[in-house]
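Novice: Sharing a structure with you now.
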Amino acid sequence: MPRAKSASAELEYEIFGDESAPAVLLINGLGSQMTRWPHVFCEKLAAHGYRVIRFDNRDVGKSTWFKPGDSYTLSDMAADAVAVLDAAGVAKAHVAGVSMGGMISQLVAIEHPDRVLSLTSIMSATGARGTMDPAPGAGAVLNAAAPDPKLDFEAFVAHGMKNARIIDSPAYPWDDAALRERVIAEYERAYTPTASQRQMAAIRADGDRTERLSKLDVPTVVLHGADDPLIQVVGGEATAKAVPGAELRIIPGMGHNLPPALYETVIDAILAAAARAKA
């Protein structure tokens, strides 16, 4: 696959769809790989007439890995996203991100406004006090260390499946076989167990983006699950309130994930933001 170079990282990326079509850049969340935007999702979105680009954030997947003691910022990660656009030959894109990827997407719009046609912030937040507090029990997904897969692989897989269940969409649950397959596939593709710590530090250091978001002039759709236990719905509400003219879509039964049953819901939000940009 092609790779892009930013100031301090190389980023693995992949493109779906016609190279002459308008681009959609997909940015993923904390500690997870671009495969969380599955092939099927990307192909469905591309079928609407878009060139879809997904990439591994720094420190995960096939992109540059960092070491314990290293640090970077969300602005660095936003610059990585722009480097991917540069490498793909894209001047401007519709930008969509989930969770931490939503925060990075917000920063791309804030710090690189000339590169953004529209913004779709999904299951994310502004970073303001109280907008990222998980529901009781959900914080374990971020804080509980996984068993060492080299010592007990089945325990490692069970841990990954349990975490996925904690933040699952109650109305659109994954089945156990699919979750198990995903945990194993992600481990086999790339395993960076300390990346989430560095990325969480970057999120905390960026702080409250409310004032910065209030100065945006970009068509924006904010999508959030009504039943999200990790970044609760207040995070989406605050984001939509902060961005001038943003549309807020709250989805009953949606948690903090992207199950196949919600692919069309998420695609429709991205398309709605893109349509507002065209208008």
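The values are calculated or read from the model by the stated rules, or taken from the named source; none is laboratory data. These numbers come from a predicted model, not from an experiment. When we count neighbours, we look across all protein chains shown, and the Cβ atoms used for this are built from the backbone with ideal geometry, even at glycine. Note: areas computed on protein heavy atoms with side chains; ligands, DNA, RNA excluded. Shrake-Rupley method; radii C 1.70, N 1.55, O 1.52, S 1.80 Å.
Novice: Would you point out which residue out of R36, R3 is more than 18 Å from the chain's Cα centre (by Cα) and among the basic types (K, R)?
Specialist: Values: R36 fails: more than 18 Å from the chain's Cα centre (by Cα).
Result: R3 is the single residue among R36, R3 that is more than 18 Å from the chain's Cα centre (by Cα) and among the basic types (K, R).
Novice: Any residue in the range 93-104 that is in a helix (DSSP H, G or I), without any contact (Cβ under 8 Å) to a residue 40 or more places away in the chain and closer than 26 Å to L223 by Cα?
Specialist: no
Novice: Looking at K67, K62, can you tell me which residue is charged (D, E, K, R) and either open to solvent by less than 30 Å² (accessible area, probe 1.4 Å) or out of contact with any strand residue (DSSP E or B) (no Cβ under 6 Å at 6 or more places or on another chain) (or both)? Outline the logic, then answer.
Specialist: Details: K62 fails: either open to solvent by less than 30 Å² (accessible area, probe 1.4 Å) or out of contact with any strand residue (DSSP E or B) (no Cβ under 6 Å at 6 or more places or on another chain) (or both).
Among K67, K62, only K67 is charged (D, E, K, R) and either open to solvent by less than 30 Å² (accessible area, probe 1.4 Å) or out of contact with any strand residue (DSSP E or B) (no Cβ under 6 Å at 6 or more places or on another chain) (or both).
Novice: Restricting attention to the range 220-247, which residues are under 17 Å from I270 (Cα atoms), open to solvent by less than 30 Å² (accessible area, probe 1.4 Å) and not in a helix (DSSP H, G or I)? Steps first, please.
Specialist: Taking the range 220-247 and keeping what is under 17 Å from I270 (Cα atoms), we get 220-225, 236, 239-240, 243, 245-247.
Still in the list and also open to solvent by less than 30 Å² (accessible area, probe 1.4 Å): 220-225, 236, 239-240, 243, 246.
Those that are under 17 Å from I270 (Cα atoms), open to solvent by less than 30 Å² (accessible area, probe 1.4 Å) and not in a helix (DSSP H, G or I): T220, V221, V222, L223, H224, G225, V243, A246.
Novice: So E186 passes all but one of these: (1) more than 20 Å from K162 (Cβ to Cβ); (2) open to solvent by less than 60 Å² (accessible area, probe 1.4 Å); (3) not small (G, A, S). Which condition number does it fail?
Specialist: Of the numbered conditions (1) more than 20 Å from K162 (Cβ to Cβ); (2) open to solvent by less than 60 Å² (accessible area, probe 1.4 Å); (3) not small (G, A, S), the odd one out for E186 is (1).
Novice: Within the group V40, V84, which residue is assigned to a helix (DSSP H, G or I), open to solvent by 10 Å² or more (accessible area, probe 1.4 Å) and not polar (S, T, N, Q)?
Specialist: On inspection, the qualifying residue turns out to be V40.
Novice: While we're on this one: Looking only at residues that are part of a loop (DSSP other than H, G, I, E, B) and in contact with a strand residue (DSSP E or B) (Cβ under 9 Å, 6 or more places away or on another chain) in the range 248-270, which one is most open to solvent (accessible area, probe 1.4 Å)?
Specialist: Result: P252.
Novice: Which of the residues spanning the range 198-228 are within 30 Å of A171 (Cα to Cα), more than 16 Å from the chain's Cα centre (by Cα) and not aliphatic (A, V, I, L, M)?
Specialist: P219, D227
Yes/no per residue for (1) over 16 Å from T126 (Cα atoms); (2) touching a residue at least 24 places away in the same chain (Cβ under 8 Å):
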{"site": "S214", "(1), (2)": "no, yes"}
{"site": "V233", "(1), (2)": "no, no"}
{"site": "A246", "(1), (2)": "no, yes"}
{"site": "M254", "(1), (2)": "yes, yes"}
{"site": "T265", "(1), (2)": "yes, yes"}
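Novice: Considering only the range 250-273, state which residues are under 17 Å from L119 (Cβ atoms) and touching a Pro at 6+ places or on another chain (Cβ under 7 Å).
Specialist: Scanning the range 250-273 gives a single hit, A273.
Novice: On to the next question. Residue by residue through the range 171-183, note down the ones that are crowded, with 16+ Cβ neighbours inside 10 Å and part of a helix (DSSP H, G or I).
Specialist: L179, R180, R182, V183
Novice: If you don't mind, there's one more thing I want to ask. Please tell me if R212 is open to solvent by less than 70 Å² (accessible area, probe 1.4 Å), under 26 Å from H112 (Cα atoms) and either among the basic types (K, R) or not in a loop (DSSP other than H, G, I, E, B) (or both).
Specialist: It is false that R212 is open to solvent by less than 70 Å² (accessible area, probe 1.4 Å), under 26 Å from H112 (Cα atoms) and either among the basic types (K, R) or not in a loop (DSSP other than H, G, I, E, B) (or both).
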